[in-house]
Amino acid sequence: MAVAVEQREVVTKKPRVDKVLHGVVTSGALASLVILGSIAGFLLYRGFEIFSDMGFGFITGSTWEGAGAEGEVTKYGIAPMLVGSLVLSLIAVAVALPLSVGTALFVEFYAPPGLRRVLVSVLDLAAAIPSVIYGLWGLFVLRPLAIGWAKSLNEYLGWFPLFRVDATFFDGSPFIGGLVLAVMISPIITSVSREVFSQTPPELVDGARALGGERWSAIRHIVLPFGRSGVIGGAMLGLGRALGETVAIYLVVSIVFKINLQMLFTGSGNIASMIALKFGEASPYEVKALLASGFVLFIVTLIVNLIATAIVNGSVRKASK
Amino acid sequence: MSSESPLEGTAVTASGVGSAMREVETGRDSRNLLPSGASGLETIGAHAWFGKHLAIEDVSLRFPKSSVTGLIGPSGCGKSTFLRLLNRMHEFIPGSAFAGQVLLDGRDIYAPEVNATEIRLKVGMVFQKPNPFPSMSIADNVLAGLRLARIKVSDKNMLLEDCLVRAGLWKEVKDRLKASAGSLSGGQQQRLCIARALAVKPEVLLMDEPCSALDPGSTLRVEETIVQLSESMTIIIVTHNMQQAARVSDYCAFFLSEGGPGRVVEAGLTSTIFTNPVDSRTADYVQGRFG
Amino acid sequence: MTAVTTQPSAVRPLQPWKLTTAQRFSRFATVIAVVAVAALLVLVSPLAGLAGIALVAIPLQVAVSVARSGRHGSVAARNDVATSLIGSAFLILMAPWLSILYTVVRRGYEAISWNFLTDDMRVTAPDAELGTGGIAHAIVGTGVMVLVATAVSVPLGILSGVYITEIRGRFTKLVRFIVQAMSGVPSIVAGLFIYSTLVIYNKSYSGFAGALALAVLMIPTVARTAEEVLKLVPEELRFAGYALGSTQASNVFRIVLPTVRSGLVTSAILGVARVAGETAPLLMTAQIFLATKGNPFDGPLASLPIVTFSFFQNGADNAVTRAWGTSMVLLVLISLLFALARAVSADRRRSRR
Amino acid sequence: MRLSQKSVAALFAAVTIAGTGGTIVSAKDQNLTGAGSTFIKNLFDACIPEYNDVSGDTVSYGGGGSGAGRTAFINGTADFAATEAVFGSAEKPPADFTYVPLIAGPVAIAYKNSNLTGTLQLSPVTIAKIFAGQINTWNHPEIAAENPSITLPSNNIVVVYRADSSGTSTVFAQYLTATAASVWTKAPSGTFANAMPAGAPPGSIAAPGSDGVANKVASTEGSITYVELSFQKENLGDGVKAASVKNAAGAYVAPSPISAAAAVAALPAGNVDQNTGWIRPDFATAVPNAYPITALAMGIARKTYSAKNDSVRDFFNYILNTCAKAQAPTLGYAALTGNTLKFAQGRAAGISQLGNPALTTVKRNQTLPGASLLNAAGLSGVPTLRVTKGGNVCRVVNKTNIGGTRAGTCDVRVTVGTTNVTLKVTVTK
């Protein structure tokens, strides 16, 4: 065997252009890093300022009072909006997920190729419809219908805990807000699901069908298991978007600072719409509290997004293997 | 052409610590046959690592000018790694390391003051899969090296034609030089890549299994091209195809890893390696008994 | 040797696996019949509207599927039930999207006129006669802000992508993590950030502030897509460049980036389409300005979403029609951007071949 | 047309009162940003295009609510603001700000109940109980007692209120505090949910903006809200009616421009703050035909001289003297008249006066009257003058005037009582 051959230090001499390139690209990347990082840092800083003032009550409290003036009682607590954000988004995902998966399957496996191409474009476009249009449509078109549905649900299925209400007021409920969000996020979930479904190795599908399976058997036993994590990831992305939605909720939901877990009953709201509602007249101290709320929202969405990305990446990696 | 070589039978040796060292017919260290400072490519005790893994060990070979050397051996024996040592592409792999010397015209290409970019201009490379630049036309692909390395040329059109002619592609593409490189067949693309490598006028051309992705017809065209090119430059070709090695190369080096790092078992005239190898493993390999 | 030659014209291409016209018709007729029955049932029941019809029609269709396919065995029945459900999911989801398009056009078309696109609201009241005034200020404002946002975010986003895929420096993981994390920043938070820093500091709303808020939202999108696209560049192309004696700089600018140019353009267009409709952040940063102006540094600047919002708040009939009209223009604009993106990426696919 | 004669007369009045800043002098191409009250927004929406047209300025009004307007004015992001609620103790407006009363208007108690014919009559206590959630059906005995001639349906009352902070909410809460203190036990607040005694009643709906609450009422059977009259009028077609409200004189009065004007015309002197220009609405008005929930929207502007502030003054004058008179009746507002208008014009004249070069420039060897300086300092009374810097440029003459001795600038301190303002006086050749 070779006795102690010494490794040479290979000096890769960089030409000057490459040094310039490294400088430019690194500073560009760091600039975006600084811009994006400073938002996180700024929110974090403000967040801690308010957390230290309000304590844990900022998360658990249900009042938003005062402007932070000398000698004034100032209480900021975002529990109703935090709960509202989660309730609204969960309703949205629960409604959108099955419909989106069905639509994705339809587009990928049932629609004729010409229609499929059109539908894929429609999906992309639907994902980019501005939220103000979703909000106005929700307010003027969906809301009146949804109030009727909520009434029927309560009337016929009111014994079921989910559809119980204390008083028969149905307008501006989490249910209605959740439906608008569902319409909003379904293009994303559909797109991601379809993307993952389309990566199913065709030989697997062919294999299943060669064994005598109908189209559905192939979907049920091959496509869905294969795309499951992609679908979950898509749903999480949708959840992330639903959590941060502002204008649609602002317009459709009756924003009330009170925890409401009855999904058919009036009153809810999410952090984003609360910020929109309050920032205009917020005193400098209140703005800090809003930034702290933004920080909480940011952390929640961040967690959801990171999980989603991990899941989607996992499934794509699996697909590419 | 091998029979006409002035350095016949003596040009390539393999010497290795612990490997079956074989002095060629003359019985002398062949490296000394080349006058000092003479042109040509030579490695002395080359080692290559990927992280902690030693991939090739103690390879000393000499590649004389205007010859074709085939690097043969089973998969994973370090041929390609060795090839990439010769134009400093090895160092692109994170965690890679190197020991020994690679001399180009007597100059150590790994010396600290040497610019790797410059070395790669002198030692061109053609890859396993044809990889023309998809964003460029056929003509732009051929001249890409000039633009990338910022070399000024007085008559681009002549160079373009010259390169394409030498790569054996001119007749097929002369009417559509502005077409996208993606429109060519696989074999044409590979010859385009050869033309592209020629445009920067390298002294040495490294070819890493240039025909493995091609059909037999295209392979033949590329082989013809290689033989023509060898008149003017040093060519080192990695191949898995024994017939190809026999057809195009003047010299051969047989690499083998046997579970450890890759080493050169035997090197010499192609005719010798194929008809009368010293090492039994070489004989087994060239006759298709393993590998 | 004898060869049997057949007349080419004697053989007709067949597709025996396809449904016959009769079968297709019968399926179609079944669906129509089911919907009709459902509609009748809805008329005599407390259920109402399209939702009611869907509520009845879907189980009915499922039942019909089971009955019809039952004789071919349970696998066939399950297959047909699944087909019905998947088709229903598709129809249910298409309904709101079509409804949105219909609503926007139905309520907004009256506002659309040449004047609407070329005039602004400087001297026109929101509830004035349709045909007077227009939203040129909003179109120009959105254009300016989107341009500035693109000018800021696209280079930065691409540089981040290049850093991650080409330079692979020691911040790679950090850059990737931050970019990924920030792609989830709710737009309102981005708006609040710019408001509480730039706007308060400058004591003025401005188009530039709005553009920065949009850029904050665009950078992660562009950086992520740039990274994705750059990852698709085969490693061999880079090696080919190096083997030709290229420096890394030439390699990046002459080989890698041109190879994915259309991919980058597409990502930028899609990023623009995403932010062009953002409302909340612009409300906090750019506000509204009634005259057409192109200077993003000179005070507030109108944008299509904010103008839509503002028309709605007036409440008068003509103002609301104008709001839907503005939505329509916004929607058309975004559709055009998508068509453009599609054309660019189709171009890419063609050139790859 | 009587109306146009009136506005011409008002124009002249404005010119005489406001002096140089009376009406639009010339095209100045200023870009003004306003924010605040949604109460006044419909008037502004109608007046701003007209003003832009005649002045050459471009005014943009973002709305956002009174609180948002005050904050924007403090932050400097708005050149002017409009509000129905006075600056709070925690708010720190710039020292040289002034309120300018711009318009009055009734806050209607708007409701929708298809089964309720005739016009509902409500007393302050009943209104308070409805909005506090203590009365929650339409046929509640207390409502029935006030409406003997109407058959009341039995459905639930849905309270609709502003989700965002609003001057209208403040005014309405102030009204309830002032007139039904036994029921309305919580302090007024721009955020109505914080002002409700027991929080928001179950089933009540919050909606953003005046249009938001009006739309909610228009689409919700059995709902009730408080909103500017103009928004109620816009939704009349959807069955949104306005209740008559009992005033301190014991009369049930429907909201209208006329009944609101009656309430403003008889404002007690004590409701007017001569110092800041703020006018408190009189919820206890004893004028028989006055609508008691009449809000006053105030403009907020700065007194420091600048071209922008000149434009703000011109814009406010245009509202006061021209546009309000023409637009108010159709939009459901009451234009200011009489002493209130005069007071408002006086306040408007005070905008953009501090340090106005037209008032603080004097030729060498001539005298600058003390009255000009008083004007430029935005003060009234008998001034004491003192040159604090540049004693060789100008000097005090006769204790009341300034005389210029050579070209240059000097600082003159103008003192009235305990307040003083230092002005830069320019002496020209």
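Restricting attention to helices (runs of 4 or more DSSP H) lying wholly within the stretch A:192-251, give those where 1 or more residues are under 30 Å from A:Pro130 (Cα atoms) and touching a residue at least 60 places away in the same chain (Cβ under 8 Å).
Output list reads A:224-244.
Please give the helices (runs of 4 or more DSSP H) falling wholly within the stretch B:111-184 in which 1 or more residues are more than 10 Å from chain C (Cβ to nearest Cβ).
Because the criterion is at least 1 residues that are more than 10 Å from chain C (Cβ to nearest Cβ), the helices (runs of 4 or more DSSP H) in the stretch B:111-184 that meet it are B:138-148, B:156-166, B:170-173.
Check off (1) under 20 Å from C:Thr103 (Cα atoms); (2) modelled with pLDDT under 90; (3) out of contact with any helix residue (DSSP H, G or I) (no Cβ under 7 Å at 6 or more places or on another chain) for C:Asp298 and give me the number that stays unchecked.
Of the numbered conditions (1) under 20 Å from C:Thr103 (Cα atoms); (2) modelled with pLDDT under 90; (3) out of contact with any helix residue (DSSP H, G or I) (no Cβ under 7 Å at 6 or more places or on another chain), the odd one out for C:Asp298 is (1).
List the number of the failed condition for D:Ala261; all other conditions in (1) more than 21 Å from A:Gly269 (Cα to Cα); (2) modelled with pLDDT under 90 hold.
The one condition D:Ala261 does not meet is (2).
For the stretch A:1-28, name all the residues that are among the aliphatic types (A, V, I, L, M) and either at the interface with chain C (Cβ under 9 Å from one of its Cβ atoms) or open to solvent by 70 Å² or more (accessible area, probe 1.4 Å) (or both).
Within the stretch A:1-28, A:Met1, A:Val3, A:Ala4, A:Val17, A:Val20, A:Leu21, A:Val24, A:Val25 meet the criteria.
Starting from the stretch D:47-73, take each residue that is closer than 15 Å to D:Lys308 by Cβ and more than 14 Å from chain A (Cβ to nearest Cβ) and list its partners that are open to solvent by 10 Å² or more (accessible area, probe 1.4 Å) and in a helix (DSSP H, G or I), counting only C-beta distances under 9 angstrom and pairs at least six apart or across chains.
Filtered contacts from the stretch D:47-73: D:Tyr51/D:Tyr318; D:Tyr51/D:Thr322; D:Ser55/D:Tyr318.
Going by the conditions given, is A:Ala31 among the aliphatic types (A, V, I, L, M), at the interface with chain C (Cβ under 9 Å from one of its Cβ atoms) and either open to solvent by 20 Å² or more (accessible area, probe 1.4 Å) or assigned to a helix (DSSP H, G or I) (or both)?
For A:Ala31, the condition - among the aliphatic types (A, V, I, L, M), at the interface with chain C (Cβ under 9 Å from one of its Cβ atoms) and either open to solvent by 20 Å² or more (accessible area, probe 1.4 Å) or assigned to a helix (DSSP H, G or I) (or both) - is met.
Go over the candidates C:Val64, C:Val140, C:Val104 one by one and state the one that is part of a helix (DSSP H, G or I), assigned by TED's automatic domain parsing to the domain that holds C:Ser327 and touching a residue at least 24 places away in the same chain (Cβ under 8 Å).
One residue alone meets the criteria, C:Val140.
Given the conditions (1) open to solvent by 80 Å² or more (accessible area, probe 1.4 Å); (2) at pLDDT below 85, which single one is not true for D:Arg406?
Tallying (1) open to solvent by 80 Å² or more (accessible area, probe 1.4 Å); (2) at pLDDT below 85, D:Arg406 fails exactly one: (2).
What is the number of the single condition among (1) assigned to a helix (DSSP H, G or I); (2) among the β-branched types (Val, Ile, Thr); (3) open to solvent by 20 Å² or more (accessible area, probe 1.4 Å) that D:Val264 does not meet?
Going through the list (1) assigned to a helix (DSSP H, G or I); (2) among the β-branched types (Val, Ile, Thr); (3) open to solvent by 20 Å² or more (accessible area, probe 1.4 Å), D:Val264 breaks only (3).
In this structure, does D:Gln121 turn out to be more than 21 Å from D:Arg280 (Cα to Cα) and open to solvent by 20 Å² or more (accessible area, probe 1.4 Å)?
Considered against the rule, which asks whether it is more than 21 Å from D:Arg280 (Cα to Cα) and open to solvent by 20 Å² or more (accessible area, probe 1.4 Å), D:Gln121 comes out as yes.
Applying the selection to the stretch D:47-83, what residues are in a loop (DSSP other than H, G, I, E, B) and either open to solvent by 10 Å² or more (accessible area, probe 1.4 Å) or farther than 23 Å from D:Thr304 by Cα (or both)?
D:Gly56, D:Gly65, D:Gly76, D:Asp79
Let's see how each residue does on (1) open to solvent by less than 10 Å² (accessible area, probe 1.4 Å); (2) of a type in the set (D, E, K, R):
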| position | (1), (2) |
| --- | --- |
| B:Pro74 | no, no |
| B:Arg84 | no, yes |
| B:Pro94 | no, no |
| B:Arg107 | no, yes |
| B:Glu118 | no, yes |
| B:Gln128 | no, no |
| B:Pro134 | no, no |
| B:Ile138 | yes, no |
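Would you mention how many residues in the stretch B:197-241 are under 19 Å from B:Leu146 (Cβ atoms), over 13 Å from the mean Cα position of the chain (by Cα) and open to solvent by less than 10 Å² (accessible area, probe 1.4 Å)?
Residues in the stretch B:197-241 being under 19 Å from B:Leu146 (Cβ atoms), over 13 Å from the mean Cα position of the chain (by Cα) and open to solvent by less than 10 Å² (accessible area, probe 1.4 Å): 2 in total.
Residues being within 14 Å of chain D (Cβ to nearest Cβ) and under 17 Å from A:Ser273 (Cα atoms): count how many of those fall in the stretch A:66-98.
5
If you go through the stretch A:151-177, how many residues are free of Cβ contacts under 8 Å to residues at least 40 places away in the same chain, in a loop (DSSP other than H, G, I, E, B) and more than 9 Å from every other protein chain (Cβ to nearest Cβ)?
Within the stretch A:151-177, residues that are free of Cβ contacts under 8 Å to residues at least 40 places away in the same chain, in a loop (DSSP other than H, G, I, E, B) and more than 9 Å from every other protein chain (Cβ to nearest Cβ) number 3.
Just give me the residues in the stretch A:45-65 being of a type outside the set (Gly, Ala, Ser), assigned to a helix (DSSP H, G or I), away from every other protein chain (no Cβ under 14 Å) and farther than 14 Å from A:Ile271 by Cβ, in sequence order.
Selection gives A:Phe48, A:Phe51, A:Asp53, A:Met54, A:Thr60.
Among the candidates C:Val256, C:Val265, C:Val233, which residue alone is in contact with an Asp or Glu (Cβ under 8 Å, 6 or more places away or on another chain), in the same structural domain as C:Pro155 (by TED's automatic domain parsing) and surrounded by fewer than 24 Cβ atoms within 10 Å (Cβ to Cβ)?
C:Val256
Failed condition for A:Leu224, given (1) within 12 Å of chain C (Cβ to nearest Cβ); (2) under 22 Å from C:Trp324 (Cα atoms), with all others met?
Failed condition: (2).
The values are calculated or read from the model by the stated rules, or taken from the named source; none is laboratory data. Quick caveat, the model's predicted, so the values are computed rather than measured. With ideal geometry, Cβ positions are generated from the backbone for all residues, glycine too; neighbour counts draw on all protein chains shown. Please note that ligands, DNA and RNA were not included when accessible areas were found on the heavy atoms of the full protein model with its side chains. Shrake-Rupley method; radii C 1.70, N 1.55, O 1.52, S 1.80 Å.
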